[in-house]
Amino acid sequence: MRAKLVSTKLLIRLLAFCTMLLNLSLVTAQNQEISPNRYRFKYRSELYKGTRLQITSKLKALKNDSKFVGIPDVIEEELNTLFTATKKQAIPKYYKKHAIIFLDALYNYEDFAKVYENSLNAVVKKVKKDMYRVDFKFEREFTKAKVILDRKIKEDVTNLEKFDQAKKEFADSQTKLLCHRWMKRKFEKYKGIDIVKNPDELMKAFKKTEAVQVYKLYNSNKIEKIQSYLENQIIDFYYKKSLPEINPKTLDFQYITKM
């Protein structure tokens with residue numbers, strides 16, 4: 001009987017101890033949310049302090065800032081994952097660790113965006129200049145191909161192989177010149193870096209399409225390769241966009257006076 005009484009007392013004490021620990025844990029958690037200094041860290045000269053909810057709200061506002069609008073889906077998903085992992089952390093030191101990882105990724109994208117825009121602006125300037133430089137070349141190639149085709153028609157249409165080759169060279173040079181002229185008109189309208197910061201529909205589509213690949217080059221410390229990559233891609237992109245728009249009937253000669 002006495003042994004049973006002792007066992008009951010021990011059980012009661014154990015339950016009381018567990019209840020005390022539970023209450024202490026709840027109070028601690030509440031204090032972590034209430035205390036303005038419980039969550040406190042510095043990042044890029046900015047001091048983050050307050051409750052977990054207050055700092056999380058500040059991080060969310062930063063993530064939704066207008067300068068981060070238009071982030072490619074893949075990169076945005078990465079940032080959202082890091083943000084979600086941060087706001088779930090109840091222990092201050094772990095919250096700080098995750099918050100810094102999130103901020104690193106967020107500001108890394110901001111730094112990347114500046115490099116991307118400057119590189120794209122330089123590429124637009126170069127392509128625009130090259131458009132003028134090669135304009136005469138493409139027109140001359142087309143006129144030469146037309147002269148050769150006309151000669152083949154008059155001379156010997158029985159040699160189908162040579163005739164078909166002349167027709168193909170004429171068609172290719174015509175398409176090249178028409179696409180070039182279409183692209184040239186587009187790039188002539190682009191003035192300064194504004195076309196990169198406030199792009200038209202074409203530039204916006206190109207900028208979004210290439211953002212992820214350029215981001216990979218940036219994070220791989222291959223910044224010097226970004227411009228050459230963008231130059232190749234933008235010419236290919238605009239060339240393909242021009243194909244459904246060109247019309248041989250609208251072709252005018254700017255250098256050759258007689259055909």
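The values are calculated or read from the model by the stated rules, or taken from the named source; none is laboratory data. Everything quoted here is computed from the prediction, not taken from an experiment. Here the Cβ positions follow ideal geometry from the backbone for every residue, glycine too, while neighbour counts run over all protein chains shown. These area figures cover heavy atoms from the full protein model, side chains too; ligands, DNA and RNA do not enter into them. Shrake-Rupley method; radii C 1.70, N 1.55, O 1.52, S 1.80 Å.
Overview of values
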read-out: Positive-end residue of V214, S119, G192, charge dipole of the range 107-222 with Cβ unit charges; value: G192
read-out: Gain upon complete extension [A122, K216; 0.36 nm per residue less C-alpha separation]; value: 31.9 nm
read-out: Set of the range 108-126 residues, backbone N closer than 15 Å to the point 7 Å along the Cα-Cβ line of Y43; value: 108-111
read-out: Aspartates and glutamates whose Cα lies under 20 Å from that of K222, excluding same-chain neighbours fewer than 8 positions away; value: D104, E110, D111, E117, E210, E231
read-out: Mean Cβ neighbour count within 10 Å, used as a protection proxy, ranking 141-150, 74-83 highest first; value: 141-150, 74-83
read-out: Fraction of accessible area attributable to carbon and sulfur, the range 131-259 (%, probe 1.4 Å); value: 51 percent
read-out: Loop trypsin sites (Lys or Arg not before Pro), the range 157-250 (other Cβ atoms within 10 Å of the site Cβ: 15 or fewer; DSSP); value: K189, K191, K222
read-out: FRET efficiency estimate (nearest 0.05) - Cβ-Cβ, K168 to K88, R0 45 angstrom; value: 0.10
read-out: Proximal aspartates and glutamates relative to K49, as straight alpha-carbon distance under 16 Å, when same-chain residues fewer than 8 apart are discounted; value: E33
read-out: Pairwise FRET efficiency - D236 versus D65, Cβ, R0 = 35 Å, nearest 0.05; value: 0.60
